[in-house]
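*Asks:* The structure's right below; bear with me while I get my questions together.
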Amino acid sequence: MNILDTIIAQKKLEVAERKVRTPVGMLEQSAYFNRKPLSLKQFLTDKDRTGIIAEFKRKSPSKGWINAGADAAIITKAYTDKGASGLSVLTDEFFFGGGFNDFKEARINNIPILRKDFMIDEYQLIEAKSIGADVILLIAANLTPVQVKQLAATAKQLGLEVLLEIHNEEELGHICDEVDIVGVNNRNLKTFEVSINTSIELSSMIPADKLKISESGISQVENILELKKHGYKGFLIGENFMKAPDPAIAFAAFVKHLKS
């Protein structure tokens, strides 16, 4: 069993428990449930912003703890103030050290926020809506094309945008009308090896009507400049900032270099 299989097995247990603990009716009573989501697509194409989706991540299965004591409210506000086009907040606790508390602290910011998790059930989409998410992530590696279409359709009914993450040419078949953004993850979720060439190689194969972003392994401004040549409008960066002594300062320095 690879890392992804292990994560999904754990996720199925978690979702089953949460369905019992917090029924859909309770989720729909959340103060955020009737909030109108913001558009990540719109923010990513805003020329006054950086195109960076800044991620708040405490740990990863491959690296262990990255920044266990990070303050989600302080760091995500700094990301927002310094020009992030969106935020990504991990809500998986077991493998990534995240949670709904981090997400709620980030929600003070008036920019789109992606609920970063392993979505396998429509219940999680309703959860996302209840905590104030604007965008949800669907990972092609652990879903069939039919599942992607079904989950994406439900997300659209809830007013949420859909980011479909792919890793290779085979997963291009998961792209459907209901998907708003296609993200190419440069990290192989089965081996956790990283190569930005994955984004470059897949760029021309992604339908022209889909906004595309590159995820993982982006550590230099030069990476972004190269990816822009291949049509990428968004760049999800987390570990590069979160591993710094002060992620806010690291992000500000990166943006200053990007704009220079």
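The values are calculated or read from the model by the stated rules, or taken from the named source; none is laboratory data. Remember, it's a predicted structure, so these values are computed and weren't measured experimentally. All Cβ positions, even for glycine, are placed from backbone atoms using ideal geometry, and neighbour counts span all protein chains on display.
*Asks:* On the basis of being in a loop (DSSP other than H, G, I, E, B) and out of contact with any Gly (no Cβ under 8 Å at 6 or more places or on another chain), does G25 make the cut?
*Replies:* Values: in a loop (DSSP other than H, G, I, E, B): no; out of contact with any Gly (no Cβ under 8 Å at 6 or more places or on another chain): yes.
So G25 does not fit the description; no.
*Asks:* If you go through region 33-45 one residue at a time, do you hit one that is basic (K, R), within 14 Å of the chain's Cα centre (by Cα), more than 30 Å from I3 (Cα to Cα) and outside any loop (DSSP other than H, G, I, E, B)?
*Replies:* For region 33-45, residues basic (K, R), within 14 Å of the chain's Cα centre (by Cα), more than 30 Å from I3 (Cα to Cα) and outside any loop (DSSP other than H, G, I, E, B): present.
*Asks:* Return the total of residues in region 103-117 being β-branched (V, I, T) and either surrounded by fewer than 18 Cβ atoms within 10 Å (Cβ to Cβ) or farther than 14 Å from T80 by Cβ (or both).
*Replies:* Counting residues in region 103-117 that are β-branched (V, I, T) and either surrounded by fewer than 18 Cβ atoms within 10 Å (Cβ to Cβ) or farther than 14 Å from T80 by Cβ (or both) gives 1.
*Asks:* Moving to a separate point now. Does F235 satisfy the criteria of being touching a Gly at 6+ places or on another chain (Cβ under 7 Å) and modelled with pLDDT of 95 or more? Even if it seems obvious, please write down each step before you answer.
*Replies:* Working: touching a Gly at 6+ places or on another chain (Cβ under 7 Å): yes; modelled with pLDDT of 95 or more: yes.
Spelling it out, F235 is indeed touching a Gly at 6+ places or on another chain (Cβ under 7 Å) and modelled with pLDDT of 95 or more.
*Asks:* Within region 239-248, work out how many residues are surrounded by fewer than 24 Cβ atoms within 10 Å (Cβ to Cβ) and in contact (Cβ under 8 Å) with a residue 40 or more places away in the chain.
*Replies:* Qualifying residue count, region 239-248: 4.
*Asks:* Please determine, by comparing only the residues of region 143-191 that are of a type in the set (S, T, N, Q) and out of contact with any Ser or Thr (no Cβ under 6 Å at 6 or more places or on another chain), which one is modelled with the lowest pLDDT.
*Replies:* Here the answer is T191.
*Asks:* Can I ask one more? Listed residues L44, L40, L27; which is within 21 Å of A72 (Cα to Cα) and in contact (Cβ under 8 Å) with a residue 24 or more places away in the chain? Explain how you work it out, then say what you get.
*Replies:* On the way: L44 fails: within 21 Å of A72 (Cα to Cα); L27 fails: within 21 Å of A72 (Cα to Cα).
None of the other options fit; the residue is L40.
*Asks:* Same structure again: Being in contact with a Lys or Arg (Cβ under 8 Å, 6 or more places away or on another chain), on the phi < 0 side of the Ramachandran plot and surrounded by 16 or more Cβ atoms within 10 Å (Cβ to Cβ) is the requirement here; does G98 meet it?
*Replies:* yes
*Asks:* Against the condition touching an Asp or Glu at 6+ places or on another chain (Cβ under 6 Å) and either part of a loop (DSSP other than H, G, I, E, B) or of a type in the set (S, T, Y) (or both), how does T198 come out, does it pass? Walk me through how you get there before you give the answer.
*Replies:* Numbers: touching an Asp or Glu at 6+ places or on another chain (Cβ under 6 Å): no; either part of a loop (DSSP other than H, G, I, E, B) or of a type in the set (S, T, Y) (or both): yes.
Taking the combined requirement at face value, the residue does not satisfy it.
*Asks:* Since K256 meets every condition but one in (1) over 23 Å from G69 (Cβ atoms); (2) among the basic types (K, R); (3) in contact (Cβ under 8 Å) with a residue 24 or more places away in the chain, which condition does it not meet?
*Replies:* It fails just one condition, (3).
*Asks:* Quickly run through region 47-70 and pick out the residues that are surrounded by fewer than 15 Cβ atoms within 10 Å (Cβ to Cβ) and either part of a strand (DSSP E or B) or at pLDDT 95 or above (or both).
*Replies:* Matches in region 47-70: G64, W65.
*Asks:* Restricting to region 25-46, count the residues that are surrounded by 13 or more Cβ atoms within 10 Å (Cβ to Cβ) and over 24 Å from D180 (Cα atoms).
*Replies:* So the answer is 2.
*Asks:* Give me a count of the residues in region 170-188 that are in contact (Cβ under 8 Å) with a residue 24 or more places away in the chain, surrounded by fewer than 21 Cβ atoms within 10 Å (Cβ to Cβ) and closer than 25 Å to P61 by Cβ.
*Replies:* Selection size over region 170-188: 1.
Okay, residues lined up against (1) of a type in the set (G, A, S); (2) surrounded by 14 or more Cβ atoms within 10 Å (Cβ to Cβ); (3) within 20 Å of the chain's Cα centre (by Cα):
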{"residue": "E222", "(1), (2), (3)": "no, no, no"}
{"residue": "H230", "(1), (2), (3)": "no, yes, no"}
{"residue": "K233", "(1), (2), (3)": "no, yes, yes"}
{"residue": "F251", "(1), (2), (3)": "no, yes, yes"}
{"residue": "L258", "(1), (2), (3)": "no, yes, no"}
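*Asks:* Also: Here are the criteria: (1) out of contact with any helix residue (DSSP H, G or I) (no Cβ under 9 Å at 6 or more places or on another chain); (2) touching a residue at least 12 places away in the same chain (Cβ under 8 Å); (3) surrounded by fewer than 17 Cβ atoms within 10 Å (Cβ to Cβ). Tell me which single one L137 does not satisfy.
*Replies:* With respect to (1) out of contact with any helix residue (DSSP H, G or I) (no Cβ under 9 Å at 6 or more places or on another chain); (2) touching a residue at least 12 places away in the same chain (Cβ under 8 Å); (3) surrounded by fewer than 17 Cβ atoms within 10 Å (Cβ to Cβ), L137 is out only on (3).
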